[in-house]
Structures are given as structure tokens and as C-alpha cells.
1. Once the dipole of the chain is set up with Lys and Arg at +1 and Asp and Glu at -1 on Cβ about the Cα centre, which of 218, 96, 336 lies farthest towards its positive end?
2. In cubic angstrom, how much convex hull volume per residue do the alpha carbon atoms of region 328-374 span?
3. Please report, in whole Å, how far the alpha carbons of region 134-257 spread along each principal axis, starting with the longest.
4. Using +1 on the beta carbon of Lys and Arg, -1 on that of Asp and Glu, and nothing else charged, what's the dipole of region 1-143 about the Cα centre, debye to 20?
5. Give me the three principal axis extents of region 34-105 from the C-alpha atoms, as integers in angstrom, largest value leading.
6. Under unit Cβ charges (Lys, Arg +1; Asp, Glu -1), what dipole magnitude, rounded to 20 debye, does the chain have relative to its Cα centre?
7. Could you order the peptides 243-250, 92-99, 169-176, 143-150 from most to least packed, using the average number of other C-beta atoms within 10 Å per residue?
8. When DSSP beta bridges are limited to those with both residues in the chain, what percentage is antiparallel, rounded to the nearest 5?
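No lab work stands behind these numbers, since they all come straight from the coordinates. Quick caveat: nothing in here was measured; it's all calculated off a predicted structure. For neighbour counting, all protein chains shown are included, and Cβ atoms are generated from backbone atoms with ideal geometry for every residue, glycine included.
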Amino acid sequence: MRTKVGIVGAGPAGLMLSHLLHLAGIDSIIIENRTRAYCEARVRAGLIEQWAADMLVETGVGARMQRESLRHNGIHLAFGGALHHIDFVQLVGKHVTIYGQQEVVKDLIARRLADGTPILFDVEDTRVEGIGGTSPKIHFRHDGKPQTIDCDFIGGCDGFHGICRPSMPAGVLTEYERVYPFGWLGILAQAKPVSDELIYCYHPRGFALFSMRSPTIVRYYLQCAPDEDVTQWPAEKIWDELEARLGGTRVPERGPLLETIVAPMRSFVAEPMQHGRLFLAGDSAHIVPPTGAKGMNLAFADTRVLARAIEAFYRSGATAALESYSQTCLRRVWKAQRFSWWMTSLLHLFPDATPFDRRRQLAELDYVASSEAAAKSLAENYVGLPIE
Ligand code: DHB
């Protein structure tokens, strides 16, 4: 097989990269080690920054999102037994879109296949070769047969546990990491959302987040141990705990649980995000803790920079944008890291927190809720910093 850009991974990064390249007339092939059903069902966050929602619409994959998503103009912070509203539209003139990541993935897969881009699911034994030269290769097995993609560039969009990042030669990467001493227990349930906008709760029992997918499906999270055993969480205990952490500000409607997961919390960046003809995008290069839901948005920002750089190369042979890819992306990545770390630190109960730390967290929450300058800083990061 021969293509211009071989893409490893059919998540948001790989699919969007292929989509943007296609719009620029550049062909690609995507390979993925999971099944299509797995990719389309994998529940992740559901919050899209304004520029990213605009990009989905402007590039022609936003029609279902426009019909089925919810527009949110702000969020609530719950602490000290009261709700405090942060109004993004008033503060920074922007909003966010609530639409599940797996719905974006479904829309992108459908569009790639309709455009005739091959997506090979369920591949095995993937490895990359020759990334230091001008004709890299991707080797893998598909339907039991060995296959090779000859390409000009490789998009490493295969996530934190993927094979692309470890394929870089020893000594190329510097990795920065912080692991948090807690996780999130996430539920999807059939119930009416407790509020028309998200509620982020700071509570002596731990953090909780009240999100949603639709007027009848809620997505709620509870701070838990990093290795929490979900079997210890029957439905009633989950609902009691969610209600307790709202601190009397609201009472959530209860309904049947559709899914329960435990997510670990990690901040991670690998620099540089490129070596030779291999370019990392999305979770293969960086992980944010979920607070603030920046993961998919960052992946989209990477792919926009990379697609434009590759387009410039094929149009005129220019390599400047390719050479500065990592540097361009990392400026945004580190600001999103800072924001995700800040939201996480602000709202969670740290096991080693002193009484001083708890009072300081409350003072910071009070500051955000009462100072326009502080609220504006949260708002401009939450809706997405301007895209270069
Ligand atoms: C969702 C997840 C988040 O981590 C967040 O900050 C906001 C929303 C969600 O899944 O809806």
C-alpha cells in the first residue's frame, strides 16, 4: 500500500488529521488496532471548545453535532453550600458545546469512509520503520496477513499506550509527568440533568462533577481512589455520594446506570512531538487530567497545525511549518496542561492536604467566584484559548 500520510490510530486525532488532509487534497490511510465498534463506543469527555466546534462545522462534519448537541454558556462552581455561576458569554463572549467524544468519532469515521479513505480496523503487530528518512513505512498484520504502508509522513495518533512514541530513538524525548493521588469514578445514567449547566463541586467528601449528554442522559463523576474497585459501588451508594457532594445545593434525579468506569488522573507531555517524518498528535504526545475536558480539543489543535504544515510541504516544498510543528503545538499544550492542573488542584481533596491547604482552596474558589479578573481567566481557558 502506498499513501502520502500513514496514520496510526482512529481516535479523534487520527480521524481529524485524515479529514483535514483530505480537504487539502492529500490522501492518507488509517490503521487501528481496535475494532470499529470499540472506537465508536468508547465513552470519553463530551465538551468541545468553541473554535473546535466551529472547525467541525466549517469542515463539514458538524451537522449532527449542530442538531444534537447542547450549547452551554457557563458553568457552576459548588462550594460552601452554594452555587456560583461563571458566565462565559458575559466574560469572554464565547460558549462551549456538549457532545460526546464518541459521537464525534462516529461522525468522523462515517465521513472518512464516505470520502474513500481506507480505515483498517483490528490490525496487529504494528511497527514503524525508517522515520529518520524520507520514505517511512508502517508494518502490521491485517486479517492475519503481513502488510506494509509506504508513505511520506507518519501521523502518530495512537494514544498514550501506542507504539509511535516509543519508536523514537533513545535520547530524543524528554518526558514530563505528574500522577495524581486520586481517580474519577464516572457514570453514564438515564436521568434528567441536575442543572442546565455543568456543576463542579468542591466538597469535604471529595470532588464531584455533574455533566450531561442530552436532556435525558447524565454524565457524573466522583473523585475516588486511583485504583478504586467499581464493584464496591452499587448504584445506590453512587447516587447517595453524588447527592452528598452537591452540599444541599441541588438534589439529582436518580435513574438506571448505563455505564460505570474508573479513570486515572495524569498530566504528561513528551517533547519534542516529532522525529524525522514521524509526527505525534493527541494523547500519544500528551495527557491531561480530565478536569476541564481538554483532551480531544488539544488533539484537534495538534492536527490543525500538522495538516497545515503537511499541506504547505506538498504545495511548495516548504518545510518551515513542519520543522516548527512541535514548538507550535507545545505552546498550546503547556497552557492546557497548566489549566487542567489548576482546575484539578483547585477542586480535589488531596490526601496529604493540611487544614491550611483546604482554607487556601476555599479562598481561591471564593476569589474565582467573586473577582471578574479571576473568573475571566477561568472562562478564556475553559472555552479554549485562541487558535494560532
Ligand atoms: C465532561 C468531562 C469533564 O472532564 C469535564 O471537565 C466536563 C465535562 C463530560 O464528560 O461531559
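1. 96
2. Numbers: hull volume 3.8 nm³, N = 47.
About 81 Å³ per residue, rounded to a whole number.
3. Result for region 134-257: principal-axis Cα extents of 61, 33, 29 Å.
4. On the way: 16 positive and 16 negative charges, 12 e Å.
Roughly 60 debye, rounded to the nearest 20.
5. Principal-axis extents of the Cα atoms in region 34-105, largest first: 46, 28, 17 Å.
6. Details: 41 positive and 44 negative charges, 72 e Å.
My answer is approximately 340 debye.
7. Values: 243-250: 17.4, 92-99: 19.5, 169-176: 10.4, 143-150: 12.1.
The most tightly packed comes first, giving 92-99, 243-250, 143-150, 169-176.
8. Numbers: 55 of 72 bridges.
Percentage antiparallel, nearest 5: 75.
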